[in-house]
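Worksheet: the structure to be examined is printed underneath.
None of the figures in this text is laboratory data; all of them are computed from the coordinates on show. Fair warning: this is a prediction, and the values are worked out from it, not measured in the lab. Cβ: placed from backbone, ideal geometry, glycine included. Neighbour counts: every protein chain shown.
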Amino acid sequence: MNRAARAVFPHPLLTILLAITWCLVANSIALGSIVMGVILGILIPLTTRAYWPDAPRGLRLFKLARYVVLVIWDILAANVAVAWLVVTRSNTAMHPKWVVIPLELRRPEAITMLAGTITLTPGTVSADLSDEGHCLLVHALDAESAEEVRDEIKDRYERRLKEIFE
Amino acid sequence: MTPETVTLILDIAITISLVVGAVFTLVGSFGLLKLDDAMKRLHAPTKASTLGVGALLLASILGAFARDEPSLQEALIMAFLFVTAPISAQFICKVNLHRRSCMTPPEPSSDSTWATLDTADAGDAPAQHLTPEKG
């Protein structure tokens with residue numbers, strides 16, 4: 001992209017996202033709301049760019065869409081599993097565990113997405129990040145072994161996020 | 001398909017979504033009552049806030065289409081909920097870690113400690129501020 005376009009659209013994806021969000025807020029796809037959405041989509045990234053100097057460039061959108069579908073599917077499946085667990089298993093028979101996940105992701109945006117995914121999938125909640133940001137602390141409601149949960153999260157989510165962001 | 005069939009199918013879909021949403025919200029609240037420590041309890045509302053609210057919002061979208069006034073604002077509610085729900089969950093985790101009211105987490109494998117437990121630079125002021133008063 002040339003420099004002029006870059007100056008007007010520092011984050012093109014954010015521009016599109018803000019325009020879509022505005023159309024949804026206004027709940028109309030009339031020309032007026034699209035224009036207003038695009039104006040907001042240009043102004044907001046311009047005024048906030050100083051606070052977000054190394055925003056990710058060139059996300060892999062197709063992979064991101066596939067990731068979102070995968071996460072929604074996992075949320076559905078895990079919801080049923082955890083609801084069953086909560087209703088049927090007694091408190092003493094549950095094995096809550098702390099899981100330490102060594103992170104290969106380095107971008108704050110990617111780590112945020114991983115932590116959010118882990119919390120949204122029932123059964124696991126991301127609790128904390130280590131002081132230098134190289135490990136994620138996850139609490140699992142009921143797990144046989146911490147290693148199993150760690151490997152699953154690393155293989156299922158972290159690997160895909162790495163492909164999307166890096 | 002006749003308009004009646006379409007209305008019937010929409011009605012059935014709305015009903016299923018409402019029941020699914022209600023069931024998962026109920027299980028989430030039940031879990032909140034039943035589970036016995038703070039960290040385990042945290043897991044119950046994640047169900048209510050994902051599938052529970054998700055299914056109810058889906059019912060709302062379908063209902064709007066059935067009434068011929070299509071609306072997708074619910075998708076926006078869902079998006080904001082998915083972005084904000086993990087933040088509140090993490091705040092509750094951090095409070096538990098601060099107050100040592102849960103199992104002590106294992107050491108991180110590569111860095112020295114967890115961010116919440118790292119009170120070295122902050123002095124002890126924030127930690128003391130958080131301890132409840134005795135009495």
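Details
- FRET E, pair B:Lys34, A:Leu31, Förster distance 41 Å, beta-carbon r, rounded to 0.05: 0.20
- Shape category assigned to the protein assembly as shown from the gyration tensor of Cα positions, a/c cut at 1.5: oblate
- Cα-centre dipole for the stretch A:62-166 with unit charges at Cβ (Lys and Arg positive, Asp and Glu negative), debye to 20: 320
- Tensor-based shape of the stretch B:32-97 (alpha-carbon gyration tensor, a/c under 1.5 rounded, otherwise prolate or oblate): oblate
- The label point for B:Ala75 and the one for A:Arg159, both projected 7 Å from the Cα toward the Cβ, are 3.1 nm apart.
- Other protein chain Cβ atoms within 10 Å, averaged over every residue that makes up B:26-38: 3
- Simple rule: put +1 on each Lys or Arg Cβ and -1 on each Asp or Glu Cβ in the stretch B:1-98, find the dipole, and look at B:Ser60, B:Leu33, B:Ile9; the Cα lying farthest toward the positive end is B:Leu33.
- B:Asp68, A:Asp128, A:Asp74 arranged by Cβ crowding within 10 Å, fewest neighbours leading: B:Asp68, A:Asp74, A:Asp128
- Near the amide H of A:Cys135, within less than 5 Å, lie the amide hydrogens of A:Leu103, A:Ser130, all on another chain or at least 5 residues away, with H placed in the peptide plane.
- Averaged over peptide A:96-107, the number of partner chain Cβ atoms lying within 10 Å of each residue's Cβ comes to 3.
- Tensor-based shape of the stretch A:1-80 (alpha-carbon gyration tensor, a/c under 1.5 rounded, otherwise prolate or oblate): oblate
- Most to least packed among A:79-88, A:118-127 [average Cβ atoms within 10 Å]: A:118-127, A:79-88
- For A:His95, A:His139, the sequence from fewest to most other C-beta atoms within 10 Å is A:His95, A:His139.
- Reference-scaled alpha-carbon Rg (2.2 N^0.38 Å with N residues) for chain A: 1.28
- Shielding of peptide A:111-121 by partners, expressed as the average count of other chain Cβ atoms within 10 Å per residue Cβ, is 4.
- Counting other Cβ atoms within 10 Å as a rough exposure proxy, the listed residues A:Leu46, A:Leu161 run A:Leu46, A:Leu161 from fewest neighbours to most.
- Residue-span extension gain [A:Leu43 to A:Arg106] - 0.36 nm each, minus C-alpha spacing: 19.8 nm
- One Cα centroid belongs to the stretch A:50-107, the other to the stretch B:46-101; the line between them spans 15 Å.
- In Hz, Karplus ³J(HN,Hα) per residue of the stretch A:66-72 (6.51, -1.76, 1.60; θ = phi - 60°; x = Gly, Pro): 5, 5, 4, 4, 4, 5, 4
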